[in-house]
Amino acid sequence: MTRWTPQTRQHYVSMLPYTQTDEKIHGFLGTHQPAVWMGESGPAQIFAGLGTVVTDFAERGLRFNKEDEYASANYYRNVLDGAHGKIVAEMTATSRVGHLRFSFSSTSRASPHVGVQASRESVLLSGTNTVTRDPSNVTYPIGAVKIDQARREVYGWNEERQDHILLSEELSCRSFTGYFVARFSEPFAQTGISYDGKLQYDSVAGDGKVLAGWVTFAEGTSIVDIRIGVSFISVEQARRNLDLETPNGQSLETTSHQTRTSWRDKLDAVQIASMAPHELTVFYSSFAHSLVYPYEISEDTGSIPSYYSGYRDEVVSGDSYSGYSIWDTFRAESAWLLLTAPERVPRMINSMLQDYEEGGWLPMWKNIVETNIMVGTHSDSIIAQAMQAGVRGFDWDLAWKAVRKNAFTPPDRDTELRFEDREEHTPQEVRAGLTEYMSLGYVASDLHSESGSRTLDYAYDDWAASIVASAVGADHDSAQLLERARSYINIWNAGTGFMEARTSSGDWAGEETGWTEGDHWAYSLNVMHDVPGLIQLMGGNKSFVDFLDRHFDGGHNSHSNEPSHHIPYLYMFAGAPHKTQEWVRRIGHDDYNHTARGLSGNEDCGQMSAWYLFSAMGFYPVNPASATYVIGAPFFEQLTLHLPGASRPLRINATGASHGRRYVKSVTIDAIALDSICFHHRQIANGADIVFEMEETPQVWGM
């Protein structure tokens, strides 16, 4: 539910709380910001010092040396340098509790202090106001804090939710609140409240903006252990979460060990041979990143879990998730979870269906509620993929009802609004422009933003929706959607040889118009559901390969943005498998490494890492809704992956792959030769033996 991180700067939309090059730590943050371009919701912050109490964010920063910093999936440690001595800060966490320990070494008999930030200055960012520090873009969410000396607790709440400006008033989550309870191991010597950095001594309660509660400890106190429970339900629930996940007396070592065990259950499921240490770091880091989102927001309230529903603006019963970056994650991350965490998939889809029942639509980019970020209804793809893979545990008929609404019902005010990126106070966007898409066969650039991308994404989503319709016996709708899935043809400009947005009168809008995180090069190749049809449109295999060559050789492939992720695999469909094998290996080398700049773009809730994981294993879900994988070329010689619930491991053998043999001569699955460039998820879901025969020169396999 909550991710804990050292904080080197204030965070908001476009700014993360930790940056490698910063020299000071200003505190430790329990964040619910799922990605750099999304907003924070109900954060919890804690900071420590020696001597005079300082609560102002800029002034309380303490220097540290990078050599003293250690970070793993379950434990963080650093040494902070203050004017009156050093503080060793250690941190671990569970889903709903941050567990910290400060070890103080005073050089001047200075007393230790710890503060808990209840509310802070917040920065909004929207499509119409991108100057982040402009006074009109700064807000001051209200918070409250109380200090209970008998319980050794500092607790409170704040109402911060930076993305509230994006949707209409009925989805503004007026009651949303982030609650916290911080419990300390040591008694308090003095208490106080801080308003905008100004201290009030001996106070035990306060409310307002830029608010913190602080406590000091007796001179000579060397260690303070703090556990911070977090909740979206109530202070009482935050206290319950704290007691359930880190009972009184539990050491930081025990909490860290429990978290390490949880990670080990997944990360130890894979064993790799013949990879260099830095390559193993990239692989296992990618694996860890791929398992973080979407994140659970349900809490143990007793007999059944409950969660705060932003759509109903109240607490309801059930399991729920947030952080659905579906425009990104439908491409490979959803398939990776299907393969390595299948037990989570039905719960995640049920959460999506609850969002539909509570808010009227399936999520696009859910951050507590829908945010209207990105385009397309790719939840259709995730549901189709799960059905194709045989996933049960969710209501298929309800899923079809929700997907059908995406496909056939335009959003409110569809003929009035352009639905610009981050346009404020709009209804749920879903398939904006669906009105003209259904009448014209494309989304018109003069009526809606990002119209070229929308047209292509809606065609893909129609194909995915046809799969869902067919699965529940809605054959008429399935046939209609399958026909609509060819709408990509309607924005193919044969005169230029590129996809191009069109106006409502049918005119071409220009090559640079109407794209989302990409350009006309990338989107001309964005027909994942019908690559043979795209090849035919471009004039056949030779012309298609030539286009791909110009795309890559001309520097148009931007792996930092997701529309490019499937493109290197398209050579496989046109009889040039060796070029897929070359480019996938090159991208894996150039765009991923084991340094602080290890990704060429935003992680985007696991999608960047999922691309690497699949590609390193030798296959990738080009058309994810089909639950199939396209062969690439493995980066390593041997991998064993123990799949949850499978009767045997998934074993991949590619002798010589790590020693210059990058070209595939043959592939077998369970000793049966693969005579296609694709295989189905069901062929490996219960375990399998995949053997790649590798060579140093291009081969005819796949041509």
inquiry  = Can you tell me what percent of all Cα-Cα pairs in the stretch 69-127 are more than 14 Å apart?
reply    = 68 percent
task = Set the Förster radius R0 to 25 Å, insert the Cβ-Cβ distance between Asp395 and His476 as r into 1/(1 + (r/R0)^6), and round the FRET efficiency to 0.05.
result = 0.75
message = So if the hydrodynamic radius of the stretch 1-152 is defined as the Kirkwood radius over C-alpha pairs, what does Stokes-Einstein give as its diffusion coefficient at 10 °C and 1.306 mPa s, in µm² per second?
response = 96 µm²/s
Between helix 379-388 and the chain: long-axis angle, C-alpha atoms, 0 to 90°, nearest 10 = 70 degrees
key: Interchain or long-range residues, amide H under 5 Å from Asn493's placed H   = Phe498, Met499, Glu500
task = Would you pull out the residues with amide H under 5 Å of Glu160's amide H, same chain only if 5 or more places away, H placed 1.01 Å from N?
result = Gly42, Gly178
note = HN-Hα couplings for the stretch 357-366 via Karplus (6.51, -1.76, 1.60; θ = phi - 60°), in whole Hz with x for Gly/Pro, come out as 5, 7, x, x, 9, 5, x, 9, 9, 8
Quarter of the Cα convex hull surface for the stretch 562-703, i.e. its orientation-mean projected area (nm²) = 8.6 nm²
request  = With a 10 Å radius around each residue's Cβ, average the other Cβ atoms per peptide and rank 51-57, 68-74, highest first.
outcome  = 51-57, 68-74
query = Considering amide H positions built from the backbone, and no H for Pro or chain starts, which residues 5 or more places from Gly82, or on another chain, come under 5 Å of its amide H?
reply = Ile87
ask   = How much length is gained on full extension from Tyr201 to Glu695, taking 0.36 nm per residue of separation minus their Cα-Cα distance?
value = 170.5 nm
message = With only alpha-carbon atoms in the gyration tensor, what are the semi-axes of the equivalent ellipsoid for the stretch 359-400, in Å, largest first?
response = 21, 12, 8
task = Scan the stretch 496-535 for GluC sites (Glu not before Pro) in coil per DSSP, keeping those whose Cβ has at most 12 other Cβ atoms within 10 Å, and list them by number.
result = Glu512
remark   = The distance between the Cα centres of the stretch 253-310 and the stretch 642-656, in whole Å, is 20 Å
query = Name the residues of the stretch 681-699 whose amide N is less than 15 Å from a point 7 angstrom out from the Cα of Arg648 along the C-beta direction?
reply = 683-691
query = Hey, what do the phi angles of the stretch 161-169 turn into as Karplus ³J(HN,Hα) couplings, whole Hz, using 6.51/-1.76/1.60 and θ = phi - 60°, x for Gly and Pro?
reply = 8, 5, 8, 5, 6, 7, 10, 5, 4
key: Overall Cα dimensions of the stretch 494-632, principal axis frame, Å, largest first   = 50, 31, 30
key: Extension reserve of the Glu512-Asp68 stretch, reckoned as 0.36 nm per residue once the Cα distance is removed   = 155.1 nm
query = Along the charge dipole of the chain, Cβ charges K/R +1 and D/E -1, which of Ser325, Pro346, Ser286 sits furthest on the positive end?
reply = Ser286
key: Sparse-neighbour loop sites [trypsin sites (Lys or Arg not before Pro); the stretch 413-515; at most 13 other C-beta within 10 Å; DSSP]   = Arg413
request  = Please give the FRET efficiency for His589 paired with Glu253, using the beta carbon to beta carbon distance and R0 = 30 Å, rounded to the nearest 0.05.
outcome  = 0.20
query = What value does the stretch 272-400 have for Rg/Rh, both radii from Cα atoms and Rh as Kirkwood defines it?
reply = 1.02
Cα-Cα separations in the stretch 188-337 greater than 23 Å, expressed as whole percent = 62 percent
task = May I ask for log10 I(q)/I(0) of the chain at q = 0.11 Å⁻¹, from a Debye sum over the Cα atoms as equal point scatterers with solvent left out?
result = -1.16
key: Karplus-derived 3J(HN,Hα), 6.51/-1.76/1.60, for each residue of the stretch 558-565, Hz, glycine and proline x   = 9, 5, 5, 10, 5, x, 8, 5
ask   = What value, in deg cm²/dmol to 500, does the helix sum -39500 (n - 2.57) over DSSP H runs of n ≥ 4 give at 222 nm once divided by the residues of the chain?
value = -7500 deg cm²/dmol
query = At a Förster radius of 22 Å, what calculated FRET efficiency corresponds to the Cβ-Cβ distance of Asp148 and Asp300, to the nearest 0.05?
reply = 0.45
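Read the figures in this text as sums done on the coordinates, not as results from a lab. Bear in mind the structure is a predicted one, so any value in this text is a computation, not a measurement. When we count neighbours, we look across all protein chains shown, and the Cβ atoms used for this are built from the backbone with ideal geometry, even at glycine.
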